Amino acid sequence: MAIWITGGRVVDPLKETMELTDLLIDRGKIIRMVPAGHIAQEPGLERIDATGCWVIPGLIDMHVHLREPGQEYKETIATGGMAAVSGGFTAVACMPNTNPVNDNPSVTTFILEKARDANLARVFPIAAITRGSRGESLTDFAELRNAGAVAVSDDGRPVSDPDLMKSAMESARRNGLAIISHCENVILSAGGVMHQGSVSAALGYRGIPARAEEDMVAREITLSRRTGCPVHIAHVSTAGSVRLIKQAKEDNLPVTAETAPHYFTLDHTAVMEYSGRAKMNPPLRRPEDVQAVREALSADVIDVIATDHAPHADWEKEIEFERALFGITGLETALPLVLELVRKGYLTPSQAVRKLSHNPANILGLEGGGLMEGGTADITIVDPEREYVLMKEEVQSKSRNSPFLGRTVKGRNLITMIGGRVVWKK
C-alpha cells in the first residue's frame with residue numbers, strides 16, 4: 001500500500017531548509033515530494049498525519065556496540081535493532097569488540113545474517129584493524145570489505161604501535177574502507193576510572209588525563225598527513241582534541257570526528273550523582289570541555305553525533321565505581337539530547353540532522369542521509385515539542401545502563417520507516 005505523509009516539515013540537511021512538504025511513498029521509494037496539500041487522498045492510500053512534526057532522513061549511528069556474537073546477555077542484534085528504531089535510527093554501524101572479535105569474514109557474515117533475520121535497523125559491520133584487536137598484526141582488509149565491512153576500528157582498544165597504524169591507514173585507503181580511531185594513550189590512562197581532575201581527587205579515584213586522548217589524536221592527524229588516508233576520530237571529549245581537529249581541518253587534512261551526547265550534556269561531576277552509570281571511556285570531562293565540544297559541533301569542527309551505545313548488565317554497572325565497566329546505552333536517549341542543543345542555539349535543525357544522518361552516511365560510504373524523489377524511504381518522524389520522561393520501563397535495549405533514565409526531555413521519535421515499511425510507531 002502506498003503511504004502519504006502529510007503536514008510535516010521536511011528538514012533538508014544539505015539545503016538547510018525546513019518546508020511543509022508532503023511525501024508519497026510506494027514500493028520502498030519516495031516517488032513524490034511536493035508542497036503540502038498537493039497530494040489528494042485516494043483509495044488505498046495510507047495517510048500519516050505529521051502535523052507539527054519534523055520529517056527527517058532516517059538517523060544513522062556510526063558507533064554502536066551490539067555485543068553479538070558472544071555477549072548476548074547484554075544485547076543482541078535484534079534487541080539493539082529494536083532500540084535503534086525506537087530512537088529514530090534506521091541504520092547502525094557496529095563495532096568489532098564482540099567474542100569472537102569481528103576480525104574475519106565469517107564473523108562479518110554472521111552479523112549480517114542476524115541483522116537480516118531481525119529485519120529492523122540496517123546493520124553495517126565495522127571490522128577490527130588488528131587480529132583479535134590485540135594491536136599486533138593487521139587483519140585482511142580486502143576480505144573483510146568483500147564480506148560486507150564498511151570500516152575498520154579497534155574501538156575499545158587503541159592501535160598503540162604508530163608504524164602498524166600507518167600501515168593500517170595505507171591499507172584502508174587502498175581498500176576503500178573508513179578507518180575509525182579510538183584515541184587513547186594506554187600508558188597515561190592505565191588504571192584510571194574517570195577524568196583526572198578536581199572531582200577524581202575529591203573522590204579518591206585514579207584519573208584519566210585529557211592528554212591520554214589528545215596525544216593520540218595528534219598522532220592520528222600526523223599519520224593522516226603522511227599517508228593521505230582519511231581518519232575518523234571517535235568519541236571526542238576534550239577541548240584539546242577539538243583544537244587539534246580544528247587545525248587539521250584548516251590544513252585541509254582528511255580528518256573527521258564524532259562526539260556522543262553524554263560529552264555535550266554531562267561533566268565529571270555526574271559521577272557523584274550517577275556513579276557507575278556515568279562511567280565511560282573516554283570519561284566525562286570538565287565543564288570547559290563540555291562547552292568546547294558544544295562549540296565544535298556548532299562550528300562543524302565535529303562532524304558527527306554518534307551514541308557509542310554500550311550496553312551492560314545491571315550487575316556490571318550497579319557495583320563499586322572502580323569495578324564497574326565502562327560505557328552507557330545511547331540509542332534511545334540521543335535524539336532528545338541533541339534537540340536540547342538545538343533549543344539552546346548551538347545547532348540548527350538542519351545541522352543536527354546532518355550530524356545524525358548525512359555526515360555518517362558520507363563518511364562510511366552508505367546510502368541515506370537525505371530525502372529525495374527516487375530515494376529509499378528511510379524516514380524518521382519527530383515531534384520536537386513532545387515532553388516526556390525517559391522511563392526505564394520503555395527501554396527496548398536489553399540493558400538499561402544510562403544516567404539519563406528518569407530525565408524529563410523534549411523531542412520524541414514517533415515513527416521510524418525503513419524502505420517504506422513502518423518498523424516503529426509510538
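Coordinate-derived values only; no laboratory data. What you are looking at is a predicted structure, and each value in this text was computed from that prediction instead of being measured. Quick reminder, even Gly has a Cβ in these numbers, built from the backbone with ideal geometry, and neighbours come from all protein chains shown.
Data overview
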| item | result |
| --- | --- |
| Cα-projected label distance for E288 with L14, points at 7 Å along beta-carbon direction, nm | 4.0 nm |
| I319 versus R243: modelled label distance in nm, points set 7 Å from Cα along the beta carbon direction | 3.9 nm |
| Rg to Rh quotient for the range 101-162, alpha carbon positions, Kirkwood Rh | 1.01 |
| 29 Å Cα-Cα threshold exceeded, pairs from K355/K426; K166/K279; K166/K317; K166/K398; K15/K410 | K166/K279; K166/K317; K166/K398 |
| Residue with peak Gaussian network fluctuation, the chain [Cα springs, cutoff 10 Å], from A83, A239, A313 | A313 |
| Phi-based couplings in Hz for the range 413-426 (Karplus 6.51, -1.76, 1.60; Gly and Pro marked x) | 6, 9, 9, 10, 10, 10, x, x, 10, 6, 10, 8, 9, 8 |
| For D383, D303, D161, D308, order by how many other beta-carbon atoms lie within 10 Å, fewest first | D161, D383, D303, D308 |
| Computed helical MRE - 222 nm, the chain, DSSP H runs ≥ 4 contributing -39500 (n - 2.57), nearest 500 | -9000 deg cm²/dmol |
| Karplus-derived 3J(HN,Hα), 6.51/-1.76/1.60, for each residue of the range 46-53, Hz, glycine and proline x | 7, 9, 10, 8, 9, 4, x, 10 |
| Dimensions in Å of the chain - Rg and Dmax from alpha carbons | 20.7, 68 |
| Antiparallel content of DSSP bridges confined to the range 58-364, in %, to 5 | 5 percent |
| Angstrom value of the Kirkwood radius, inverse mean 1/r, which spans all Cα pairs in the range 164-265 | 14.4 Å |
